[in-house]
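Worksheet: the structure to be examined is printed underneath.
The values are calculated or read from the model by the stated rules, or taken from the named source; none is laboratory data. Computed from a prediction, not measured in an experiment: that's the story for all the values here. Don't worry about glycine lacking a Cβ; one is built from the backbone with ideal geometry, like all the others, and counts go over all protein chains shown.
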Amino acid sequence: SQQGEEDPQALSIQEGENATMNCSYKTSINNLQWYRQNSGRGLVHLILIRSNEREKHSGRLRVTLDTSKKSSSLLITASRAADTASYFCATGTGGGNKLTFGTGTQLKVEL
Amino acid sequence: NAGVTQTPKFRVLKTGQSMTLLCAQDMNHEYMYWYRQDPGMGLRLIHYSVGEGTTAKGEVPDGYNVSRLKKQNFLLGLESAAPSQTSVYFCASTNIGQGAAEAFFGQGTRLTVV
């Protein structure tokens with residue numbers, strides 16, 4: 001089974017609205033990352049938050065991490081049509097140096 | 001700077017045929033990964049490597065083999081392709097272990113097994 005599960009699986013919003021997607025994971029982590037994937041392309045790194053951090057910002061992105069609940073959220077503010085993509089959380093676990101991904105949220109931003 | 005390059009980009013195989021997917025990175029990264037992506041399943045880790053000459057199994061290793069003879073290359077082999085291996089394969093590399101650094105991805109290889 002996969003380490004991360006994103007929620008919702010799909011999200012459709014209007015341009016200018018905020019988009020929030022959530023990630024839950026199963027085991028303890030060293031850090032959590034969010035990636036974006038445009039259709040038919042490879043994944044691109046967005047932001048990394050370490051296990052001792054609770055919130056991090058990068059431009060229009062805001063990520064929170066709650067290790068007690070084993071969950072993270074990604075907020076995209078003032079969304080644009082160009083934000084249409086799939087978003088994945090990824091967790092780095094110690095020991096094996098594995099980087100494992102969730103199932104993704106498909107975001108569609110409509111004009 | 002090419003980053004991560006996957007070869008080939010597309011391939012159609014017949015059941016039982018073998019092939020090797022090549023991943024090359026020019027960033028001097030220690031860690032390299034092979035994933036497969038299927039609809040609704042996200043990315044699943046097949047095998048990974050934490051350095052030249054090392055390999056380890058991921059979540060779905062059956063039917064695949066890998067080799068890391070050179071630091072910059074990570075090869076994924078299918079010895080006897082099956083229709084269940086129809087997927088999009090992604091290679092990734094990172095500079096620091098334990099997932100501490102961002103991963104750079106190739107553009108993917110779309111494999112169809114008929």
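Looking only at residues of segment A:1-57 that are among the basic types (Lys, Arg) and at pLDDT below 95, we find that the one that is nearest to B:Trp34 (Cα to Cα) is A:Arg41.
For segment B:1-104, please list each of the strands (runs of 3 or more DSSP E) lying entirely inside it that holds at least 2 residues being surrounded by 14 or more Cβ atoms within 10 Å (Cβ to Cβ) and away from chain A (no Cβ under 14 Å). Give the steps one after another, and end with the answer.
On the way: elements: B:4-7, B:10-13, B:19-25, B:31-38, B:42-49, B:64-67, B:73-78, B:87-94.
Fully inside segment B:1-104 and qualifying: B:10-13, B:19-25, B:64-67, B:73-78.
Of all the residues in segment A:65-103, those that are of a type in the set (Val, Ile, Thr), more than 9 Å from chain B (Cβ to nearest Cβ) and under 30 Å from B:Ser49 (Cα atoms) number 1.
I'd like to check something: does segment A:52-70 contain any residue that is farther than 27 Å from B:Gly108 by Cβ and of a type in the set (Val, Ile, Thr)? Yes; the residues of segment A:52-70 include at least one that is farther than 27 Å from B:Gly108 by Cβ and of a type in the set (Val, Ile, Thr).
Could you pull out the residue among A:Gln9, A:Gln37, A:Gln106 that is within 9 Å of chain B (Cβ to nearest Cβ), touching a residue at least 12 places away in the same chain (Cβ under 8 Å) and either surrounded by 17 or more Cβ atoms within 10 Å (Cβ to Cβ) or on the phi > 0 side of the Ramachandran plot (or both)? Quick ask: steps written out before the conclusion?
Numbers: A:Gln9 fails: either surrounded by 17 or more Cβ atoms within 10 Å (Cβ to Cβ) or on the phi > 0 side of the Ramachandran plot (or both); A:Gln106 fails: within 9 Å of chain B (Cβ to nearest Cβ).
One residue alone meets the criteria, A:Gln37.
Residue count for segment B:60-102 satisfying the condition of being under 24 Å from A:Ile47 (Cα atoms) and more than 13 Å from the chain's Cα centre (by Cα): 9.
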